[in-house]
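Chemist: This is the structure I have questions about; it appears just below.
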Amino acid sequence: VVEIELVAGRWIPVEGSRLNRRLDALHTVLRVSGPAAGSQRLRTRDDPAGTRVLGTFNNCAGGTTPWGTVLVCEENINQVFAGSARGTREERNHARMGVGAEVEYAWAAHHERFALEHELNEANRHGWVVEYDPHDPSFEPVKRTSLGRFKHEGATCVVAPDGRVVVYMGDDDEDEHVY
């Protein structure tokens, strides 16, 4: 998150702004909300409650909510998890997401939580829509599990004529859909 300002016709970063910060895979703690919060499938050694996740990555397009927060999408999370879930309770789930099949980045070589044999559930903690407030550095980013888990390409909001907020999302995998 970088605050910018228009100076002499050019957008430039505001150095030292209290708004400038990173949301990343190794240092940012995110709260889990919605129906998956606390699920057995989100529990790990580091988070036995399954309600606080370390990190967000492969963030793709998103949008601004009517209340001013931002939604970003965890896309193609399968590319960072190494190993196999064959013969485990997560075999079908990981296969559906491509987890362990298309490792493009060697994160597991440097951080054991990305190795399926070390932490089978870690992959389940990613692939969600993340909400954060760019104007409030104290706002704890949230993984919104009620919006589903897949290879989110984007999430954008509109307010329907009846006042309900509608989130439109796309799945970036082959032969998938817009939700």
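The values are calculated or read from the model by the stated rules, or taken from the named source; none is laboratory data. No experiment lies behind these values; they were computed from the predicted model shown. Cβ placement follows ideal geometry from the backbone for every residue including glycine, while neighbour counts extend to all protein chains displayed. Calculation scope for accessible area: heavy atoms of the full protein, side chains included, ligands and nucleic acids excluded. Shrake-Rupley method; radii C 1.70, N 1.55, O 1.52, S 1.80 Å.
Chemist: Quick one: in segment 61-81, which of the residues that are part of a strand (DSSP E or B) and open to solvent by 30 Å² or more (accessible area, probe 1.4 Å) is farthest from Arg96 (Cα to Cα)?
Modeler: First pass over segment 61-81, keeping only residues part of a strand (DSSP E or B): 61-64, 70-74.
If we keep only those that are open to solvent by 30 Å² or more (accessible area, probe 1.4 Å) too, we end up with 61-62, 64.
On the way: Ala61: 22, Gly62: 23, Thr64: 29 Å.
Going through the qualifying residues, I end up with Thr64.
Chemist: Would you mention how many residues in segment 82-101 are part of a helix (DSSP H, G or I) and open to solvent by 70 Å² or more (accessible area, probe 1.4 Å)? Break it down stepwise before answering.
Modeler: Filtering segment 82-101 down to residues part of a helix (DSSP H, G or I) leaves 91-97.
In the following step, the residues that additionally are open to solvent by 70 Å² or more (accessible area, probe 1.4 Å) were identified as 91-92, 95-96.
Going through segment 82-101 one residue at a time, the tally reaches 4.
Chemist: Just need a number here: residues in segment 104-148 that are under 13 Å from Asn58 (Cβ atoms) and outside any helix (DSSP H, G or I).
Modeler: 7
Chemist: Name the pairs whose Cβ atoms lie under 8 Å apart, with the first residue in segment 168-179 and touching a residue at least 60 places away in the same chain (Cβ under 8 Å), the second of a type in the set (A, V, I, L, M, F, W, C), and 6 or more positions between them or separate chains?
Modeler: Met169/Cys73; Met169/Val129; Met169/Leu147; Met169/Ala155; Met169/Val178; Asp172/Cys60; Asp173/Phe150
Chemist: To continue, here is another question. Considering every residue within segment 34-43, establish whether at least one is of a type in the set (Lys, Arg) and crowded, with 17+ Cβ neighbours inside 10 Å. Give the steps one after another, and end with the answer.
Modeler: Here is the first cut: in segment 34-43, the residues of a type in the set (Lys, Arg) are 41, 43.
After this cut, where a residue has to be crowded, with 17+ Cβ neighbours inside 10 Å as well, the list is none.
No: zero hits.
Chemist: Here's a follow-up. Just give me the residues in segment 102-113 being closer than 13 Å to Ala123 by Cα and either β-branched (Val, Ile, Thr) or surrounded by fewer than 14 Cβ atoms within 10 Å (Cβ to Cβ) (or both), in sequence order.
Modeler: Val103, Glu112
Chemist: Restricting attention to segment 44-60, report how many residues are open to solvent by less than 30 Å² (accessible area, probe 1.4 Å) and hydroxyl-bearing (Ser, Thr, Tyr).
Modeler: 2
Chemist: Can you spot a residue in segment 153-161 that is without any contact (Cβ under 8 Å) to a residue 24 or more places away in the chain, closer than 20 Å to Trp67 by Cα and not small (Gly, Ala, Ser)? Before you say what the answer is, go through the steps one by one.
Modeler: Narrowing segment 153-161 to residues without any contact (Cβ under 8 Å) to a residue 24 or more places away in the chain: 158, 160-161.
Next cut, closer than 20 Å to Trp67 by Cα only: 158, 160-161.
Still in the list and also not small (Gly, Ala, Ser): 158, 161.
Checked against the condition, which is being without any contact (Cβ under 8 Å) to a residue 24 or more places away in the chain, closer than 20 Å to Trp67 by Cα and not small (Gly, Ala, Ser), segment 153-161 yields at least one hit.
Chemist: Can you find a residue in segment 150-157 that is part of a loop (DSSP other than H, G, I, E, B) and surrounded by fewer than 20 Cβ atoms within 10 Å (Cβ to Cβ)? Before the answer, list the steps.
Modeler: Here is the first cut: in segment 150-157, the ones part of a loop (DSSP other than H, G, I, E, B) are 150-151.
Subset that is surrounded by fewer than 20 Cβ atoms within 10 Å (Cβ to Cβ): none.
No, the conditions are met nowhere in segment 150-157.
Chemist: I would also like to ask the following. Within segment 1-28, take every residue that is in contact (Cβ under 8 Å) with a residue 12 or more places away in the chain and open to solvent by 80 Å² or more (accessible area, probe 1.4 Å) and give me the one that is farthest from Arg125 (Cα to Cα).
Modeler: Residue satisfying both the conditions and the ranking: Arg18.
Chemist: For segment 117-131, indicate whether the set of residues that are of a type in the set (A, V, I, L, M, F, W, C) and farther than 24 Å from Val2 by Cβ is non-empty. I'd like the intermediate steps shown before the answer.
Modeler: Looking only at segment 117-131, we keep the residues that are of a type in the set (A, V, I, L, M, F, W, C), and these are 120, 123, 128-130.
When the remaining residues are screened for being farther than 24 Å from Val2 by Cβ, the result is 120, 123.
Among the residues of segment 117-131, at least one is of a type in the set (A, V, I, L, M, F, W, C) and farther than 24 Å from Val2 by Cβ, which makes the answer yes.
Chemist: Then there is this: Could you say which residue among Gly100, Gly83, Gly55 is at pLDDT 95 or above and either touching an Asp or Glu at 6+ places or on another chain (Cβ under 6 Å) or on the phi > 0 side of the Ramachandran plot (or both)? Can you show your working first?
Modeler: Values: Gly100 fails: at pLDDT 95 or above; Gly83 fails: at pLDDT 95 or above.
Gly55 is the lone residue from the list that is at pLDDT 95 or above and either touching an Asp or Glu at 6+ places or on another chain (Cβ under 6 Å) or on the phi > 0 side of the Ramachandran plot (or both).
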